[in-house]
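The values are calculated or read from the model by the stated rules, or taken from the named source; none is laboratory data. Because the structure is predicted, anything quoted here is derived from the model rather than measured. We place every Cβ from the backbone using ideal geometry, glycine too, and count neighbours over all the protein chains shown. Quick note on the areas: whole protein, heavy atoms, side chains included, nothing else; ligands and nucleic acids left out. Shrake-Rupley method; radii C 1.70, N 1.55, O 1.52, S 1.80 Å.
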Amino acid sequence: MHTNWIQDTQALLNSKDESVPTRRLALQTALGLGYAASAAPLMAQTAVKTSSEGLIEGEVVIDVNGFKMPAYRSAPKGKTNLPVVLVISEIFGVHEYIADVTRRFAKAGYLAIAPELFVRQGDPSSYGEMGKLIAEVISKVPDAQVMGDLDATLQWASKNGGNANRAAITGFCWGGRITWLYAEHNPKVKAGVAWYGRMEGQTNANNPKHPVDLAATLKAPVLGLYGGADTGIPVTSVNNMKEALAQAAVKGNAAAKASEFVLYPDAPHAFHADYRPSYRAAPATDGWNRALAWFKQYV
């Protein structure tokens, strides 16, 4: 099923038919607009909806060595040379919550872009069961592929109103881990904000190293925003990452020395996800303000 979905989407994206309906269909298919089914139950009453007034926003296509990768981009209208924020989704892919996050950053003066990094492996929005989604799609996404996709995304941004020399990255859950990895991978990145991203664990061919293994070669300071009540990422994991960063700092790594953590004692995992029951308004708001201040300081 998922192979057909990828092939059908690529056929539409590669089509010579440049009509709006055809392109729109391809992008809607690829990005899965709306909310991810496996993220249910949804909390409509707390979901934030940011106005697109004054923004250019919507779906774009990024060429990655001939592969057409969909992404959602938001930026202030009529502005160029903008600082860039790469927005990395949770395991649910680029759905309405992530699209709205890009609009929030655009309102703050950034070109914010969220690439659909699972598109080769499957469609996260088609899954109703989280465990199955992880097993059949997420676990099959190689870190190396993601790093290359993000390099291509940053290159696209530099040609479409963004300044790649003023680049930042932020991500949630799965995207939080990727934030740490990309802050080590690309020296153009000036800062990262990782929201409850896993920092250690078992390794395999797709995930050969975790953030704790790469602290010594971190290239940009990362602000880690974590929940003290997160059952998936214990406080001991945060402390292990702090220790790895401290050791790297002693050896002269400036990015490791500048990195910081904020631990919200009563916050669960996904406390920023305003469309889910895990949402906690106070730490989500505080974390967002800290993220903006972090990027203002470094980007």
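Taken over the stretch 218-234, the residue count meeting the criterion of being open to solvent by 50 Å² or more (accessible area, probe 1.4 Å) and touching a strand residue (DSSP E or B) at 6+ places or on another chain (Cβ under 7 Å) is 1. Against the definition (out of contact with any Asp or Glu (no Cβ under 8 Å at 6 or more places or on another chain) and within 29 Å of Arg104 (Cβ to Cβ)), how does Gly176 come out, yes or no? Criteria met by Gly176.
The set of residues in the stretch 198-226 being touching a residue at least 60 places away in the same chain (Cβ under 8 Å) and in a loop (DSSP other than H, G, I, E, B) consists of Ala205, Asn206, Asn207, Pro208, Lys209, Ala220, Pro221.
Tell me which residues, restricted to the stretch 152-166, are open to solvent by 10 Å² or more (accessible area, probe 1.4 Å) and either touching a His at 6+ places or on another chain (Cβ under 8 Å) or aliphatic (A, V, I, L, M) (or both). Ala152, Ala164 - these are the residues of the stretch 152-166 that are open to solvent by 10 Å² or more (accessible area, probe 1.4 Å) and either touching a His at 6+ places or on another chain (Cβ under 8 Å) or aliphatic (A, V, I, L, M) (or both). Applying the selection to the stretch 136-168, what residues are in contact (Cβ under 8 Å) with a residue 60 or more places away in the chain and either closer than 21 Å to Ala244 by Cα or part of a loop (DSSP other than H, G, I, E, B) (or both)? Matches in the stretch 136-168: Val137, Val141, Pro142, Asp143, Asn160, Gly161.
For the stretch 261-277, residues that are open to solvent by 20 Å² or more (accessible area, probe 1.4 Å) and not in a strand (DSSP E or B) total 6. With respect to (1) touching a Gly at 6+ places or on another chain (Cβ under 7 Å); (2) farther than 19 Å from Leu55 by Cβ; (3) surrounded by fewer than 18 Cβ atoms within 10 Å (Cβ to Cβ), the lone exception for Ala183 is condition (3). Which condition number does Arg73 fail, the rest of (1) closer than 25 Å to Ala270 by Cα; (2) open to solvent by 50 Å² or more (accessible area, probe 1.4 Å) being met? Condition not satisfied by Arg73: (2). Kindly indicate whether Ile138 is of a type outside the set (S, T, N, Q) and farther than 16 Å from Glu59 by Cα. So Ile138 passes the test.
Being at pLDDT 95 or above and either open to solvent by 50 Å² or more (accessible area, probe 1.4 Å) or over 30 Å from Gly128 (Cβ atoms) (or both): is that true of Val85 here? Taking the combined requirement at face value, the residue satisfies it.
Taken over the stretch 169-190, the residue count meeting the criterion of being within 26 Å of Tyr275 (Cβ to Cβ) and either at pLDDT below 95 or assigned to a strand (DSSP E or B) (or both) is 4.
Quick one: how many residues across the stretch 235-260 are open to solvent by less than 40 Å² (accessible area, probe 1.4 Å) and either touching a Leu at 6+ places or on another chain (Cβ under 7 Å) or touching a residue at least 24 places away in the same chain (Cβ under 8 Å) (or both)?
Pass one, the stretch 235-260, residues open to solvent by less than 40 Å² (accessible area, probe 1.4 Å): 237-238, 241, 244-245, 248-249, 253, 255-256, 258-259.
Keeping just the survivors that are either touching a Leu at 6+ places or on another chain (Cβ under 7 Å) or touching a residue at least 24 places away in the same chain (Cβ under 8 Å) (or both) gives 237-238, 241, 244-245, 248, 253, 255-256, 258-259.
Matching residues across the stretch 235-260 total 11.
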